[in-house]
Ligand SMILES: [Zn+2]
Ligand SMILES: [Zn+2]
């Protein structure tokens with residue numbers, strides 16, 4: 001279990017990485033006593049700790065983060081009713097996925113995927129590398145073909161809200 005830099009590390013985790021980084025720097029021949037003092041004054045150890053954790057030189061010991069993904073099903077293509085879009089997205093287990101309109105899509109409705117955002121769904125259905133487009137600027141035209149039902153919108157909103165409370 002390791003956190004991304006955006007998610008941040010707990011103080012306990014950072015302190016552990018700082019000790020490890022400072023000890024390595026102390027023992028490294030290329031760092032003079034003077035350099036070592038300057039680094040201490042500049043609080044470089046915190047930067048070292050972050051990079052140690054990012055590079056896996058020190059294990060992250062933070063507790064697991066709250067769940068950051070929603071279980072959704074992506075149904076389509078070839079839907080009976082395509083007026084809303086070629087692909088339908090529901091929360092996994094939503095009662096509507098058992099409706100007759102999806103009767104030819106058993107595999108889709110029974111196969112949940114973990115998604116963290118609407119964008120991840122769009123990139124899953126239409127991978128930018130396969131469809132040769134730039135997701136930064138052209139995602140919207142692909143998103144138009146994917147209809148998110150309220151159950152899916154709610155599930156993704158819950159993931160977003162959980163993500164805002166990760167700092168500890
Ligand atoms: Zn950590
Ligand atoms: Zn639904």
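With everything on Cα atoms, drop me the angle between helix 150-163 and the longest principal axis of the chain, reported from 0 to 90° to the nearest 10.
Approximately 10 degrees, to the nearest ten.
In 5 Å bins starting at zero, report the fraction of Cα pairs in region 92-168 per bin as a rounded %.
In order of increasing distance, the bins hold 3, 13, 20, 20, 19, 15, 8, 2, 1, 0 percent.
Report the gain in length on full extension from residue 113 to residue 162: 0.36 nm times residue separation, minus Cα-Cα distance, nm rounded to one decimal.
Gain on stretching residue 113 to residue 162: 15.8 nm.
Compute the acute angle (0 to 90°) between the alpha-carbon long axis of helix 11-27 and the principal axis of greatest extent of the alpha-carbon atoms of the chain; round to the nearest 10°.
Here the helix axis deviates by roughly 40 degrees.
Take every Cα pair under 8 Å in region 70-163 that's 6+ residues apart, average their separations, divide by the length, and report that relative contact order as a whole percent.
With pairs under 8 Å counted, the relative contact order is 38 percent.
Please compute the length gained on full extension between residue 68 and residue 144, using 0.36 nm multiplied by the number of residues separating them and subtracting their Cα-Cα distance.
24.9 nm
Can you tell me the length gained on complete extension of the stretch residue 100 to residue 35, counting 0.36 nm per residue apart and subtracting the Cα distance?
Here the answer is 16.2 nm.
How high is the relative contact order of the chain? Use alpha-carbon pairs under 8 Å, at least six apart in sequence, and give a whole percent.
Relative contact order here is 26 percent.
Given contacts defined as C-alpha pairs under 8 Å and at least six residues apart, what's the relative contact order of region 11-55, whole-number percent?
Relative contact order of region 11-55: 59 percent.
What are the semi-axes of the equivalent ellipsoid of the chain, taken as the square roots of 5 times the eigenvalues of the Cα gyration tensor, listed largest first and rounded to whole Å?
47, 17, 12
Just to be sure I understand: if I project the alpha-carbon convex hull of region 11-55 onto a plane and average over all orientations, what area do I get in nm²?
If you wrap the Cα atoms of region 11-55 in a convex hull and average its projections, you get 3.0 nm².
To check you understand DSSP bridge types, tell me what percent of the beta bridges within the chain (both residues inside) are antiparallel, rounded to 5.
In the chain, approximately 70 percent of DSSP beta bridges are antiparallel ones.
Take the alpha-carbon centre of region 34-71, take the same for region 76-96, and report the distance between them in whole Å.
Centre-to-centre distance over Cα atoms comes out at 43 Å.
Every number in this text was worked out from the coordinates using simple rules, so none of it is lab data. Quick caveat: nothing in here was measured; it's all calculated off a predicted structure.
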